[in-house]
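The values are calculated or read from the model by the stated rules, or taken from the named source; none is laboratory data. Since the structure is predicted, the reported quantities are computational estimates derived from the model, not experimental observations. Neighbour counts are summed over all protein chains in view; Cβ atoms, including those assigned to glycine, are modelled from backbone coordinates with ideal geometry. For accessibility, only protein heavy atoms count, side chains too; no ligands or nucleic acids. Shrake-Rupley method; radii C 1.70, N 1.55, O 1.52, S 1.80 Å.
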Amino acid sequence: MQPEQAQTNDVELLKAIARQDETALGQLYDRYRVILFGLLVRILNSREEAEDVLQEVFLQVWRRAADFDENRGRPFTWLVTLARSRGIDRFRSLAARERVALAGSREPSEEISDAVADAFRSEQKNLVTTALSQLPEEQKQPLMLAYYDGLTQSEIAKKLGAPLGTVKTRMRAGLMKLRELLATKSASFGF
Amino acid sequence: MDFEASKKVMSHEDYKQMIPGHALSALDAAEDRMLAHHLVECSECRKEFDQWQETVAVLALDVAGAEPSPQIRERIITQIRAEKSAGQTNVISFVPSQRSVWSSLGSLGAIAAAVLFAALILYALILWRENRTFRTEIATLKTEIQTSQVQLDRKTKLLAMIEKPGVHFAELKGMPMAPTATAKVMYDASGHAMIVTKGLPAAPADKEYQLWYIVPGKKPMPGKTFSPDSHGEGMMEDQVPAEAMTSAVFAVTLERKGGASSPEGSMYLSSGS
């Protein structure tokens, strides 16, 4: 999702982190903290939990930077996947203990500053938002429930009162359409 | 689903269909394990999985960014410095040495043992992760069972009330504080009442909803307090005051925890026109 130059720099930063260069980790943190923290706040709906997980994510980056393989994907994808995976794990473990408390509070946080949000209204963000708005609601809804709420396909089927096979088909169709829409809008998405 | 049995009947195309769900971390545990095993063996599916992960990752851009506390950066740097210094104390200097054939064979044995050891550690790690997943699933199911039991108890009580002869019903509508909220009050000839609410916003920690019995010309009579669940659904049993048995209007207000003797908070529901 970054310009080509930033992509190259990200890869270089990860290589430097793999050599235990803490300045490189600081640079990577400064570059991605806002978007990853925004994602974690959206998943966990708690700044405190999100900060805790953000710290875990960058410690994991520090320990596992050598595992990053640029042939398999971009640093952005690797970082978002790490953050989301940790965020969903934390949410599921919290939900198992506090399901009732959390169930009614899954709206986006209101603490997000407009200034920061404005800073992230990049062209690519707009493209993603536009592409998502073009998905049929029946395809978009299961994607959102899986991505932000960490629900499995069975849980989504139960929540929406739809057959499991239908949910699987709609999720797959939604992702395929999203990929097509993004690919036609911008080459920088790399699909 | 039996893992080995399922694995035998799954085709390559079946696995491919599961990949987008896997990229979204939305597969159920059994499917997730099956696909993970397949991905180890199938480079084509691994490549496709990587591509789907790229698509899934861009969804993060739809979220508004947020600024974490500056202390988080400091905490991360402090932690990695601690790890670095701990690692440095364990550094062993490398001294090249002449090796005989026998020592090389010994080294091969050591490498094989190390590989075996690493495989055992990996296997233990997989078992531990699966165990952790199952524990989480069990905890989730227990919570769901408890929630279902509460709902079943409520419905049983409601059914018993509805089946009583001569039960009175009153419908409460949402006021401007909660326009979509609704409630029903039922009470029998003895004054035993039940109120069932839907769509009420969650009450703040220091407040509760309170039922009121309003008879024209008299001071509102307080009923019991209650708190709806996270879905806005609530149920409470109470005793209708004798004066309110024939011509009461019912109302619900948000009051301090424990309730008030006369209404002080905003009105959320009312049976009045």
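Some notes on this structure:
- Interface area, chains A and B: about 5600 Å² of buried accessible surface, summed, with a 1.4 Å probe and ligands, DNA and RNA left out.
- Inter-label distance, nm, simple model (7 Å from Cα along the C-beta direction), B:Leu116/A:Asp67: 2.6 nm
- Accessible area per residue (1.4 Å probe, heavy atoms of protein chains only) ranks B:Lys173, B:Lys84 as B:Lys173, B:Lys84, with the largest value leading.
- B:Ser266 accessible area, 1.4 Å probe, all protein chains in place, Å² to nearest 10: 50 Å²
- Taking 20 Å as the cut-off, the amide N atoms of segment A:39-70 that come nearer than this to a point 7 Å along the Cα-to-beta-carbon line of B:Glu74 belong to A:47-59.
- Exceeding the 31 Å Cα-Cα cut-off - candidates A:Lys125/B:Lys84; A:Lys168/B:Lys157; A:Lys159/B:Lys157: A:Lys125/B:Lys84; A:Lys168/B:Lys157
- Counting only protein chain heavy atoms and rolling a 1.4 Å probe, the accessible areas of B:His37, B:His192 rank, largest first, as B:His37, B:His192.
- Across the protein chains, with a 1.4 Å probe defining accessible surface, the residues A:Met144, B:Met161 rank A:Met144, B:Met161 from largest area downward.
- Computed E for B:Lys219/B:Gln239 - FRET, C-beta separation, R0 22 angstrom, nearest 0.05: 0.80
- Annotation: peptides A:68-75, B:17-24, ranked by per-residue average of other Cβ atoms within 10 Å with the highest first, follow the order B:17-24, A:68-75.
- The per residue volume of the convex hull around the alpha-carbon atoms of segment B:126-271 is 124 Å³.
- Separation of alpha-carbon centers, segment B:250-273 and segment B:145-212, rounded to whole Å: 14 Å
- Zone of B:His168's modelled label, taken as backbone nitrogen in segment B:217-246 under 13 Å from a point 7 Å along Cα→Cβ: B:239-246
- Accessible area of chain B divided out per residue, in Å², using a probe of 1.4 angstrom: 60 Å²
- Close amide-amide hydrogen proximity is noted between B:Gly223 and B:Leu211, B:Trp212, B:Tyr213, each under 5 Å apart and 5 or more residues distant or on a separate chain (H modeled in the peptide plane; Pro and chain starts excluded).
- Accessible area of segment B:18-68 belonging to carbon and sulfur atoms, whole % at 1.4 Å probe: 49 percent
- Charge dipole magnitude, Cβ of K and R +1, D and E -1 - chain B, Cα centre, debye nearest 20: 700 debye
- B:Ser227 accessible area, assembled protein chains, probe 1.4 Å, Å²: 60 Å²
- Counting, for every residue in B:26-32, the Cβ atoms of other protein chains within 10 Å of its Cβ and taking the mean gives 5.
- Take B:Thr225: with every protein chain present and a 1.4 Å probe, its accessible area is about 40 Å².
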